[in-house]
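For reference, the structure is listed below as structure tokens.
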Amino acid sequence: MKYDYLIVGSGLYGAVFAHEAKKAGKSVLVIDKRPNIAGNVYTQETEGINVHIYGAHIFHTNNKEVWDYVTQFAEFNRFTNSPVANYKGELYSLPFNMYTFNKMWGVVTPEEAAAKIEEQRKEITGEPKNLEEQAISLVGRDIYEKLIKGYTEKQWGRDCKELPSFIIKRLPVRLTFDNNYFNALYQGIPVGGYTQMVANMLEGIEVRLNTDYLANKAELDALADKVVYTGPIDAYFDFKLGTLEYRSVRFETELLDKPNFQGNAAVNYTDRETPWTRIIEHKWFEFGKDKNGNDLPKTVISREYSSEWKPGDEPYYPVNDEKNGALYAEYKKLADSEKNIIFGGRLGEYKYYDMDAVIASALDLCKKEL
Ligand SMILES: Cc1cc2nc3c(=O)[nH]c(=O)nc-3n(C[C@H](O)[C@H](O)[C@H](O)COP(=O)(O)OP(=O)(O)OC[C@H]3O[C@@H](n4cnc5c(N)ncnc54)[C@H](O)[C@@H]3O)c2cc1C
């Protein structure tokens, strides 16, 4: 049979489009080269814990349409992201707020905290020449030294004095006791894991895993009238104009025979000496309970390391610089001249999308296309 749509990629973009196309009465086939659905939001259960295999994913949005949409497929828990910073064993609340300032300086009132920051910012008089000066001019030396410097240097693999100031435009400071990292109306983690949520989106839809579109293109193209492609745009064109670059992360995941390793889902290591940038303890995204509400006896942690990306590595964050932007624009021209194919999602559009934004983008396509 010939399908109306072949959807390449079972991540959020592909799954939303597939669901809506089926609902509109279209026939769809979803393929993915990985052995599992859900793309980068894939979670895998280990010892009752939903492990976020491609990095910690916290759903947050101000978009009510998107929130109403996703909650059809999963119930979301009340998880709020409140990361902790560990600087050589000293623990601080993030994002920077009154708890942080109280721990840093012993200040008690917002006025005292504001005065302390103001006094330290004065150190920089002229135009900041690099990221270090920029950060100090925004929040002062103490916060910079303990909470920004080492973390940023590990992320970029370079000294803050050698990094351009424009990387940090703003550093939000809260003069309230508020550890909620995201300023979002809606936030949470899907109960049962993201994989189950995507499986619910794909219910009743034919999915073929371990199927690489580009390796079997002619044969797969013959199966459908139109293709929705959510893989890397440069790979589609066989990298003929060059390779788009990504920033990468490496994860080292470990199962520990103890119930509680760090007492929080995310702890950032903000000193330079600790080689990892942060540790995720997955069970705390679901309050340490299994699906029946029982306490889990073991725990799974992932240490995250910033690493240089090279072709062939897992693509994570697109690099938003001039060189890559210009190369993407050239690929986009080629994509626009292809017939019967739509490029979408974070890889197809070479764009950093949060989950809510990728869902909104897929829903926009549905409005135009279906
Ligand atoms: C480390 C990290 C942490 C993140 N944390 C958050 C967060 O906390 N909150 C948030 O809102 N967002 C977060 N995001 C963003 C989120 O991951 C994305 O918005 C979302 O995964 C994008 O979905 P997608 O469908 O566009 O892409 P993907 O999920 O990448 O799906 C693309 C799919 O296409 C498949 N594919 C590619 N090429 C082929 C081919 N040739 N043949 C067949 N299949 C192919 C891939 O295997 C993949 O399954 C994070 C991203 C990263 C990198």
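See the values below:
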quantity	calculated
Single unsatisfied condition, Val41 versus (1) within 8 Å of the ligand (Cβ to nearest atom); (2) crowded, with 24+ Cβ neighbours inside 10 Å	(2)
Answer from Phe177, Phe166 - the residue that is without any contact (Cβ under 8 Å) to a residue 60 or more places away in the chain, under 25 Å from Arg278 (Cα atoms) and either more than 14 Å from the ligand (Cβ to nearest atom) or not basic (Lys, Arg) (or both)	Phe166
Residue selected from region 173-191 under the condition closer than 22 Å to Ala357 by Cα and not hydrophobic (A, V, I, L, M, F, W, C), by the criterion most open to solvent (accessible area, probe 1.4 Å)	Asn183
Among (1) under 20 Å from the mean Cα position of the chain (by Cα); (2) surrounded by fewer than 18 Cβ atoms within 10 Å (Cβ to Cβ), the one test that Ile168 misses	(2)
Where a residue in region 326-340 is at negative phi and its partner, wherever it lies, is open to solvent by less than 80 Å² (accessible area, probe 1.4 Å) and not aliphatic (A, V, I, L, M), with Cβ under 7 Å and at least six apart	Leu327/Gly242; Tyr328/Tyr350; Tyr331/Asp234; Tyr331/Phe237; Leu334/Phe237; Ala335/Phe343
Test result for Glu133, more than 30 Å from Tyr69 (Cα to Cα) and outside any loop (DSSP other than H, G, I, E, B)	yes
Among residues of region 145-163, those that are without any contact (Cβ under 8 Å) to a residue 24 or more places away in the chain, open to solvent by less than 30 Å² (accessible area, probe 1.4 Å) and not in a helix (DSSP H, G or I), counted	0
Enumeration of residues in region 332-370 that are more than 15 Å from Gly231 (Cβ to Cβ), more than 12 Å from the ligand (Cβ to nearest atom) and in a loop (DSSP other than H, G, I, E, B)	Lys339, Asn340, Leu370
Number of the exception - Lys310 against (1) open to solvent by 50 Å² or more (accessible area, probe 1.4 Å); (2) within 16 Å of the ligand (Cβ to nearest atom); (3) within 22 Å of Phe251 (Cα to Cα)	(2)
Which listed residue, of Val30, Val16, is over 20 Å from the mean Cα position of the chain (by Cα), β-branched (Val, Ile, Thr), within 14 Å of the ligand (Cβ to nearest atom) and open to solvent by less than 10 Å² (accessible area, probe 1.4 Å)	Val30
Residues within region 328-361 that are out of contact with any strand residue (DSSP E or B) (no Cβ under 8 Å at 6 or more places or on another chain), crowded, with 20+ Cβ neighbours inside 10 Å and of a type in the set (A, V, I, L, M, F, W, C), tallied	3
Selected residue (only one of Lys289, Lys339, Lys367 is more than 27 Å from Arg158 (Cβ to Cβ), in contact with a Leu (Cβ under 9 Å, 6 or more places away or on another chain) and of a type in the set (D, E, K, R))	Lys289
Of all residues making up region 44-53, the number that are closer than 13 Å to Gln196 by Cα, open to solvent by 20 Å² or more (accessible area, probe 1.4 Å) and aliphatic (A, V, I, L, M)	0
Some residue of region 47-69 being at pLDDT 95 or above, near the ligand (Cβ under 7 Å from one of its atoms), in contact with a Leu (Cβ under 7 Å, 6 or more places away or on another chain) and not basic (Lys, Arg)	no
Search result, residues across region 308-332 that are modelled with pLDDT of 90 or more and over 15 Å from the mean Cα position of the chain (by Cα)	Glu322, Lys323, Asn324, Gly325, Ala326, Leu327, Tyr328, Ala329, Glu330, Tyr331, Lys332
Matching residues in region 287-303 - criterion: being more than 15 Å from the ligand (Cβ to nearest atom) and outside any loop (DSSP other than H, G, I, E, B)	Lys289, Asp295, Thr299, Val300, Ile301
Given (1) more than 23 Å from the chain's Cα centre (by Cα); (2) part of a loop (DSSP other than H, G, I, E, B); (3) of a type in the set (Gly, Ala, Ser), index of the condition Ala21 fails	(2)
Selection status of Lys298, open to solvent by 50 Å² or more (accessible area, probe 1.4 Å), touching a residue at least 40 places away in the same chain (Cβ under 8 Å) and under 27 Å from Val51 (Cα atoms)	yes
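Results for (1) within 16 Å of the ligand (Cβ to nearest atom); (2) among the hydrophobic types (A, V, I, L, M, F, W, C); (3) open to solvent by 40 Å² or more (accessible area, probe 1.4 Å); (4) in contact with a strand residue (DSSP E or B) (Cβ under 7 Å, 6 or more places away or on another chain), shown as yes or no for each residue.
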residue	(1), (2), (3), (4)
Leu241	no, yes, yes, no
Val249	yes, yes, no, yes
Tyr305	yes, no, no, yes
Tyr316	yes, no, no, yes
Asp321	no, no, yes, no
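The values are calculated or read from the model by the stated rules, or taken from the named source; none is laboratory data. Because the structure is predicted, anything quoted here is derived from the model rather than measured. Neighbour counts are summed over all protein chains in view; Cβ atoms, including those assigned to glycine, are modelled from backbone coordinates with ideal geometry. Surface accessibility is based on the protein's heavy atoms, side chains included, excluding ligands, DNA and RNA. Shrake-Rupley method; radii C 1.70, N 1.55, O 1.52, S 1.80 Å.
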